[in-house]
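Asks: Structure incoming, see below.
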Amino acid sequence: MEDLPQVETLKPDDRDFVTALASGLEVIMAFDDSHSKMTLSEVAAHTGMNRAKARRFLLTLNALGYVRKHQRYFELAPRVLQLGYAYLSANNYRSVIQQYLEDITTQSGESSSLGVLDGDDVIYVARSAAPHRLMAITLSVGTRLPAAHTSMGRVLLSQLTESELNAYLERISLKRYTDKTINDKEELKRCIVEVRQQGYSIVDQELDSGLRSVAVPVFDIHDKLIGAINISTNAARVDMEMLLNIYKPLLQDKAQLIRQTVNT
């Protein structure tokens, strides 16, 4: 696929920046696991908009079929899924990678995922789930997790340029999830630089107690970064030696196969 021309990222005060479009998307993104249904006032508070502005966007999204209204409450409608499906359809290599993820699960007995960097988060775009559940939240396609504290996130951050990485570290706020969480920016940067040098990342119970994972980058046949793939497991079941000596080589083998077969 021919690369698109590079376009400078717009800022909100740029004349070409469409504020209404940005605000409409912000309203859609306000709905999540913790806010599946909201009143007008709650949407306004969650987005920082005044009630009149939030009302206009909600009613417009309702008219377009992306939001449903029931009495005082608004919720996302199934049509929103078309936005995500457009991405998946445009990136048809996902079906190829899905098969590799399922192979990883078959060989390891553990869950495996493909993630990409979206802002300061890693977002799951393909997943092969093992029967055992690893986290309190359900991981699925579309799940977002902080890049700083996940193995896929650190692999993807390691692919940033030095200026991009510094800008990322400057703007984020680190949160402590467990007693193992790295919440010092200098230490986090050292970890990311180490990932860049060694070509893989292991994160041990930093985001959720008991959750241990390893990830490697995946590239296409033209050496273009596709994302990162991982194996996530329970720390009580899989020790670090197995993660490093068995699961990491398995991921690297699949990443090499993807590199040989996927043309994006």
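Asks: How would you rank D208, D239, going from fewest to most other Cβ atoms within 10 Å of each one's own Cβ?
Replies: D239, D208
Asks: Classify the stretch 163-254: rounded, prolate or oblate, from the alpha-carbon gyration tensor (a ≥ b ≥ c, eigenvalue square roots; a/c under 1.5 rounded; otherwise prolate if a/b is larger than b/c)?
Replies: Here the stretch 163-254 falls in the oblate category.
Asks: Right, next: I need the shape label for the stretch 92-216. Rule: rounded when a/c is under 1.5, else prolate if a/b > b/c, else oblate, with a, b, c from the alpha carbon gyration tensor.
Replies: Prolate, because a/c is 1.5 or more and a/b exceeds b/c.
Asks: Could you compute how fast the stretch 19-81 diffuses translationally, taking Rh as the Kirkwood radius over C-alpha pairs and applying Stokes-Einstein at 4 °C with viscosity 1.567 mPa s? Give it in µm² per second.
Replies: Using the Kirkwood radius from Cα pairs, D works out to 115 µm²/s.
Asks: Starting from the 7 Å offset along Cα-to-Cβ, what nm value, one decimal, do you get for the label separation of V141 and Q71?
Replies: Distance between the two pseudo-spin positions: 3.5 nm.
Asks: I would also like to ask the following. By how many degrees, 0 to 90 and rounded to 10, does the Cα axis of helix 185-198 deviate from the longest principal axis of the chain?
Replies: Taking the Cα atoms of the chain, the angle to 185-198 is about 50 degrees.
Asks: In a Gaussian network model over the chain where Cα atoms closer than 10 Å are linked, find which of Y124, Y66, Y200 has the largest mean-square fluctuation.
Replies: Highest fluctuation among the options: Y66.
Asks: Cα-Cα over 29 Å: which of K37/K224; K11/K69; K175/K248; K11/K185; K53/K224? Working shown, then result.
Replies: Details: K37/K224 39 Å; K11/K69 32 Å; K175/K248 27 Å; K11/K185 26 Å; K53/K224 41 Å.
Listed pairs above 29 Å: K37/K224; K11/K69; K53/K224.
Asks: To the nearest 20 debye, what is the magnitude of the charge dipole of the chain about its Cα centre, counting +1 on the Cβ of each Lys and Arg and -1 on the Cβ of each Asp and Glu?
Replies: It works out to roughly 1100 debye.
Asks: Right, something else. Can you put R171, R154, R15 in order, fewest other beta carbons within 10 Å first?
Replies: In increasing order of surrounding Cβ atoms, one gets R15, R171, R154.
Asks: Still on this structure, please answer the following. Name the residue, out of V193, V214, V155, whose mean-square fluctuation peaks in a Gaussian network model built on the chain with Cα pairs under 10 Å.
Replies: Maximum fluctuation in the GNM of the chain, among the listed residues, is at V193.
Asks: Further, regarding this structure: Rg and Dmax of the chain, Cα atoms, in Å?
Replies: 19.9, 58
Asks: Using Cα atoms only, what is the angle between the long axis of helix 94-108 and the major principal axis of the chain, expressed in degrees (0 to 90) to the nearest 10?
Replies: Helix 94-108 sits at roughly 50 degrees to that axis.
Asks: Given the options G142, G48, G153, which has the most mean-square fluctuation in a GNM of the chain, springs set between C-alpha atoms less than 10 angstrom apart?
Replies: G48
Asks: Figure the gain on full extension for V18 and H35 (residue separation times 0.36 nm, minus the Cα-Cα span) and round it to one decimal in nm. Numbers along the way, then the final one.
Replies: On the way: separation 17, 0.36 × 17 = 6.12 nm, distance 2.60 nm.
Extra length from V18 to H35 when fully extended: 3.5 nm.
Asks: Related question: If each DSSP helix of 4+ residues adds -39,500 (n - 2.57) and the sum is divided by the residues in the chain, what number results at 222 nm, nearest 500 deg cm²/dmol? Don't jump to the answer; show the numbers that get you there.
Replies: Working: 9 runs with 104 residues, N = 264.
About -12000 deg cm²/dmol.
Asks: For every other residue with a beta carbon closer than 14 angstrom to the beta carbon of A44, add +1 if it is Lys or Arg and -1 if Asp or Glu, then tell me the sum.
Replies: +3
Asks: Can you give me the relative contact order of the stretch 91-261 as a percent, contacts being Cα pairs under 8 Å and 6 or more apart?
Replies: That works out to 22 percent.
Asks: What is the fewest-to-most order of E164, E110, E42 by other Cβ atoms lying within 10 Å of their Cβ? Can you show the working numbers first?
Replies: Details: E164 11, E110 25, E42 16.
Going from sparsest to densest Cβ surroundings: E164, E42, E110.
Throughout, read-outs are computed from the coordinates displayed, never taken from laboratory work. A quick note: this is a predicted structure, and the numbers were derived from the prediction, not measured. Neighbour counts are summed over all protein chains in view; Cβ atoms, including those assigned to glycine, are modelled from backbone coordinates with ideal geometry.
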